[in-house]
Amino acid sequence: MAIGYDVLDLDLEAEAERICQAIRRGVSHDLKRRGVIVALSGGIDSSCVAALCARALGPKHVHGLHMPEKDSSDDTLGLSRSVSDTFGFDSTVEIITPILEGLRCYERRDDAIRMVFPEFGPGWKSKIVLPGLLDAGSYNVYSVVVQTPAGEILKQRLPPKAYLQIVAATNFKQRTRKMLEYYHADRLHFAVTGTPNRLEYDQGFFVKNGDGAADIKPIAHLYKSQVYAMARHLGVPEAICNRAPTTDTYSLAQGQDEFYFSLPYRPMDLCLWAKNHGVAAAEVAGALELTAEQVERVYRDIDQKRATTRYMHLAPVLCGEVDEIH
Amino acid sequence: MALIPTDVERDVTAFIVENFLFGSAADAPAPATSFMETGLIDSTGILELVAWLESTYGIAVADDQLVPENLDSVANIAAFVVRTKGG
């Protein structure tokens, strides 16, 4: 039987209330904290989590953090502030550029890019991208895309040393933000929220001990389409609900689909839902306007990313039993 | 001198054992074992493997050659290298 996008429809009010109950119980009973920290990126996920937490706990028990850096979009701070203003909770601006400079984040990243483009320097912009999943049966091998000061776009596959160093340097951003989130959590006796949606949580679109670290993850079970619907239901500002997902991490604009998922989020959601529910590729291909073979390729990619992601969800490996700790 | 597929298989296996298995030869993959199906080598591992193939055999692997048919097993790699070198 063919399926369509309606399988992702939710009773939004009932689900919002269920999540709010879980947040109240989780923060008070399990975590024993007085409120939550939400890092606001100006994107749909963190905005939705902020709206849910403000509803669940009351705005006095939510503290927002705005943490842009020099590669963030110009509109990031305005968008994230619109969330704390809309839901009426206090927030703090922490510009993380000086910390990242102290860590030599940008310098280490640019050194790695120069392994591929030796002339890369001031005035150039960059991002890393995956091949289009549907174009070829290729591996998930990243390329770096640079824009010269004259506006010329160049692209080159990354050798392993350069790729790993770019990722390692860029991960300073998410880990620096998480360090500040725990600073504010400790000073307020609050818990830290994580804001992954289901696609991100399942497929590993987060940095271990960076944005992947959190005490509570209120929307990790929601597909991204459902997060958009929930955000609208809760009154998240229109400008955020209408914004395309971006990583806001690299100096060249970068969609999440070219960075990680290789399909836009709506068809990716439906593929993941269908795979999770044992739906054959042919039964979902029509709604996606793809061939069954292309859907099979997406299914395989989901499995491959799950395998790669396993390490990111694992607790530390112990080499002997510690029975007292569970 | 033309490359012999079994020699390439031996060298590729040695590289895999040394770099991905910390020297545990008992866990070495059979020539036809799929890296994807067994999870032995992920996409970062493929990057490392390709860099090693390029430097060891003096070949350039194009983006459109990064496909399982060329790289998903020791036997596929050996056949690909021999074909690319014109052996």
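Bear in mind that the values in this text are calculations on the coordinates, not laboratory data. None of these values were measured; they are calculated from a predicted model. Positions of Cβ are backbone-derived with ideal geometry, glycine not excepted, and every protein chain shown enters the neighbour counts.
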For residue A:191, what residues show an amide H to amide H distance below 5 Å, using hydrogens built from the backbone and excluding near sequence neighbours? A:34, A:35, A:36, A:37
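At 222 nm, what value in deg cm²/dmol follows for chain B if DSSP H runs of at least 4 each add -39500 (n - 2.57) and the sum is divided by all its residues, to the nearest 500? Let's see the in-between values first.
Details: 5 runs with 50 residues, N = 87.
Rounded to the nearest 500, the figure is -17000 deg cm²/dmol.
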Putting +1 on Lys and Arg Cβ atoms and -1 on Asp and Glu Cβ atoms, find which of A:130, A:117, A:160 reaches farthest to the positive end of the dipole of segment A:102-164. A:160
With no solvent and one equal point scatterer per Cα, compute the Debye intensity ratio I(q)/I(0) for segment B:5-84 at 0.21, 0.23 Å⁻¹ and report its log10, rounded to two decimals. -0.93, -1.15
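Under a point-charge model restricted to the Cβ atoms of Lys and Arg (+1) and Asp and Glu (-1), what is the dipole moment magnitude of the protein assembly as shown relative to its Cα centre, in debye to the nearest 20? Please list the in-between numbers first.
Numbers: 40 positive and 55 negative charges, 220 e Å.
Result for the protein assembly as shown is approximately 1060 debye, rounded to the nearest 20.
Between rounded, prolate and oblate, where does segment A:72-196 land on the alpha carbon gyration tensor, with a ≥ b ≥ c its root eigenvalues, rounded for a/c under 1.5, else prolate if a/b exceeds b/c?
Details: a/c = 2.00, a/b = 1.86, b/c = 1.08.
Verdict is prolate for segment A:72-196.
May I ask you to list the GluC sites (Glu not before Pro) in segment A:55-123 that are in a DSSP loop and have at most 11 other Cβ atoms within 10 Å of their Cβ?
Values: sites: A:69, A:94, A:101, A:107, A:119; in loops: A:69, A:94, A:119.
The qualifying sites are A:119.
What are the membrane-span-like helices in chain A by this rule: whole DSSP H runs, Cα extent along the axis at least 27 Å, mean Kyte-Doolittle hydropathy at least -1.0? Provide the component values of the computation, followed by the final result.
Numbers: long enough: A:160-188 (42 Å, -0.72); A:292-313 (31 Å, -1.44).
For chain A, where a helix must reach 27 Å along its axis and average at least -1.0, the hits are A:160-188.
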Dipole of segment A:162-285, positive direction: furthest Cα of A:199, A:229, A:184, with charges on the beta-carbon: A:184
Degrees between helix B:43-57 axis and first principal axis of chain B (Cα, 0 to 90, nearest 10): 40 degrees
In segment A:1-55, the trypsin sites (Lys or Arg not before Pro) that sit in a DSSP loop and have at most 11 other Cβ atoms within 10 Å of their own Cβ are A:32
For residue A:92, residues with placed amide H under 5 Å, excluding near neighbours: A:64, A:65, A:66
Would you mind ranking A:217, A:161 by Cβ crowding within 10 Å, fewest neighbours first? A:161, A:217
Would you kindly state how much longer the chain becomes between residue A:143 and residue A:164 on full extension, computed as 0.36 nm times their sequence separation minus their alpha carbon distance, in nm to one decimal? 6.4 nm
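Sort A:179, B:36 so that the residue with the fewest other Cβ atoms within 10 Å of its own Cβ comes first and the one with the most comes last. List each step's numbers first, then the result.
Details: A:179 14, B:36 19.
By the 10 Å Cβ count, ascending, the order reads A:179, B:36.
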Amide H contacts of residue A:217 (H built 1.01 Å from N, under 5 Å, at least 5 apart or other chain): A:194
Does segment A:102-164 come out rounded, prolate or oblate, given a ≥ b ≥ c as the square roots of the eigenvalues of its C-alpha gyration tensor, rounded meaning a/c under 1.5 and, failing that, prolate meaning a/b above b/c? oblate
Looking at the protein assembly as shown, what % of its DSSP beta bridges pair antiparallel, to the nearest 5? 50 percent
Chain B: which trypsin sites (Lys or Arg not before Pro) are DSSP loop and have at most 13 other beta-carbon atoms within 10 angstrom? B:85
Can you put B:84, A:291 in order, fewest other beta carbons within 10 Å first? A:291, B:84
Between residue B:79 and residue A:6, how high is the FRET efficiency from 1/(1 + (r/R0)^6) when r is the Cβ-Cβ distance and R₀ = 51 Å? Nearest 0.05. 0.60
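Which FRET efficiency value, to the nearest 0.05, is calculated for residue A:14 and residue A:103 with the Förster distance at 51 angstrom and r the Cβ-Cβ distance?
Working: r = 45 Å, r/R0 = 0.87.
It comes to 0.70.
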Residue-wise, which Karplus ³J(HN,Hα) couplings in Hz belong to segment A:139-144, taking 6.51 cos²θ - 1.76 cosθ + 1.60, θ = phi - 60°, and x for glycine or proline? 6, 7, 10, 7, 10, 9
Binned at 5 Å starting from 0, the alpha-carbon pair-distance distribution of segment A:162-292 in whole percents comes out as 2, 9, 15, 19, 20, 17, 10, 6, 2, 1, 0
Mean 1/r over distinct Cα pairs of segment A:136-203, inverted to a Kirkwood Rh in Å, yields 15.6 Å
For segment A:263-309, one quarter of the surface area of the C-alpha convex hull, expressed in nm², comes to 3.0 nm²
Sequence neighbours fewer than 8 away in the same chain don't count; with that in mind, list the lysines whose C-alpha is under 16 Å from residue A:208. A:173, A:178, A:217, A:305
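Expressed as a whole percent, how much of the Cα-Cα distance distribution for the protein assembly as shown exceeds 34 Å?
Working: 32472 of 85078 pairs.
Everything past 34 Å amounts to 38 percent.
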